[in-house]
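Heads up, the thing below is written out as structure tokens.
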């Protein structure tokens, strides 16, 4: 599977796909402008790759969405906070309706990682929660909804990325726990899902109790012995992006691809450049020729991929459910809204001070957060708003904020946790945790937690501020005793 820049399929990329029988493409925001353009692009990809095309994206919900103009799905943890499998099923189906109409047949979701680590830099609200059984039930309901609309899911990141302090996009994490603990926690959702999930994505993480030498993506013990042999998993195994620093910076692109396929992966996600994609293909060809990657194994991998494309073909269609699906997504965001510490509403028409970052940041995986001007416009529906922005929460002089009686609202609009300067020097009247719910733990202040910053999440905040909505969600991870 490859990626490529731009919003059209250029001739060089199309020729490369045809010449090398590439059957997978993963698209990102850089490949998308609107529905008409994206439909043309996925149609061209289908034509270039042929009947066995796999056209994928990460449309998880929350901050991790690629098509941003379709109805905005609640994040996984928002659905965990709402704690309703029917809502999860309907959400998965609505996501699938939108992406199928755009020409996709594979969605790299839902996330099965259990987030019990408050300092995890990349999962957080992408997880359905910390309870293995309940998180899996919600995720499988979401997946069943997607499958009802004909879009394949890919659960991730096997065998679990929830309890890490390191983002594998940047370095190689380790989860050093006894095997019995892994089996009862990290591994459990994937084992429960292994009988139903059509595909699993590997994690670039070392699990020393199983394989101290290789990350899961390149571990025969984990992909072959555990997943294939012990759990009898029959679906497709695809690697996470092999351009990520956890892999590319340590093993080399081509060598890593071969190790992953020998370990048990069926498809390598070669998301780098045309040069590294050529390197990957050349390395795989040499491995087949030398017998390092036996042809019998290759045939089995191709059979699994063929079964996936036969069951979930690319089939663009009209999308007639936009209005109904927007109402559904709004329902999910409203049901997720969570109060912590008995937050109080400022009086309608009163004076408030909004304090937040001046820029809208992305963590490299997610779409960029909301800007100060957008949130100020939302608050201005009800209040007289004075906005104060900062570039760096640690360098900002929190004591310099005016003490003039305004109701102070801090809005957290990035995934990064606050440092000691902000924590020690600031206590807002209300903390709007609009992305990473763990940020609500950074201040001794009442908080309203949304699990995401999409427009319907902000509408839910507005409805709460107006007294039209109660916040009845419950944070589905430890540490939020009163939420």
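The values are calculated or read from the model by the stated rules, or taken from the named source; none is laboratory data. Bear in mind that the values here come from a model prediction, so they are computed numbers and not experimental data. Cβ: placed from backbone, ideal geometry, glycine included. Neighbour counts: every protein chain shown.
Structure values in brief
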quantity: Some residue of region 284-295 being assigned to a helix (DSSP H, G or I), surrounded by fewer than 21 Cβ atoms within 10 Å (Cβ to Cβ) and modelled with pLDDT under 95; calculated: no
quantity: Region 441-475, residues that are within 20 Å of residue 414 (Cα to Cα) and part of a loop (DSSP other than H, G, I, E, B); calculated: 442, 443, 444, 445, 446, 450, 451, 452, 453, 454, 475
quantity: Residues being touching a helix residue (DSSP H, G or I) at 6+ places or on another chain (Cβ under 9 Å) and outside any loop (DSSP other than H, G, I, E, B) - total across region 389-409; calculated: 5
quantity: Complete set of residues in region 307-350 that are part of a helix (DSSP H, G or I) and closer than 28 Å to residue 429 by Cβ; calculated: 330, 332, 333, 334, 335, 336
quantity: Output for region 176-194, where each listed residue is part of a loop (DSSP other than H, G, I, E, B), surrounded by fewer than 24 Cβ atoms within 10 Å (Cβ to Cβ) and modelled with pLDDT under 95; calculated: 176, 177, 178, 185
quantity: All positions within region 110-161 that are assigned to a loop (DSSP other than H, G, I, E, B), buried (at least 24 other Cβ atoms within 10 Å of the Cβ) and on the phi > 0 side of the Ramachandran plot; calculated: 129, 160
quantity: Cβ pairs under 8 Å, 6+ apart, first in region 261-290 and without any contact (Cβ under 8 Å) to a residue 40 or more places away in the chain, second part of a strand (DSSP E or B); calculated: 266/236; 266/237; 266/238; 276/270; 280/270
quantity: Search result, residues across region 226-244 that are closer than 19 Å to residue 273 by Cα and not in a loop (DSSP other than H, G, I, E, B); calculated: 238
quantity: Set 395, 339, 311: member being closer than 20 Å to residue 442 by Cα, surrounded by fewer than 14 Cβ atoms within 10 Å (Cβ to Cβ) and touching a residue at least 24 places away in the same chain (Cβ under 8 Å); calculated: 395
quantity: Condition broken by residue 371, with the remaining ones in (1) in contact (Cβ under 8 Å) with a residue 60 or more places away in the chain; (2) crowded, with 17+ Cβ neighbours inside 10 Å satisfied; calculated: (1)
quantity: Breaking point among (1) at pLDDT below 95; (2) touching a strand residue (DSSP E or B) at 6+ places or on another chain (Cβ under 8 Å); (3) under 30 Å from residue 434 (Cβ atoms), for residue 337; calculated: (1)
quantity: Evaluation of residue 323 against (1) farther than 30 Å from residue 199 by Cα; (2) surrounded by 14 or more Cβ atoms within 10 Å (Cβ to Cβ); (3) free of Cβ contacts under 8 Å to residues at least 24 places away in the same chain (one fails), failing number; calculated: (2)
quantity: Candidates 262, 275, 298 - the one that is surrounded by 16 or more Cβ atoms within 10 Å (Cβ to Cβ) and part of a helix (DSSP H, G or I); calculated: 262
quantity: Verdict on residue 427 being touching a residue at least 12 places away in the same chain (Cβ under 8 Å), under 31 Å from the mean Cα position of the chain (by Cα) and either part of a loop (DSSP other than H, G, I, E, B) or assigned by TED's automatic domain parsing to the domain that holds residue 129 (or both); calculated: yes
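Residue by residue, here is whether (1) modelled with pLDDT of 95 or more; (2) buried (at least 16 other Cβ atoms within 10 Å of the Cβ) holds:
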site	(1), (2)
385	yes, yes
400	no, no
414	no, yes
429	yes, yes
434	yes, yes
446	yes, yes
467	yes, no
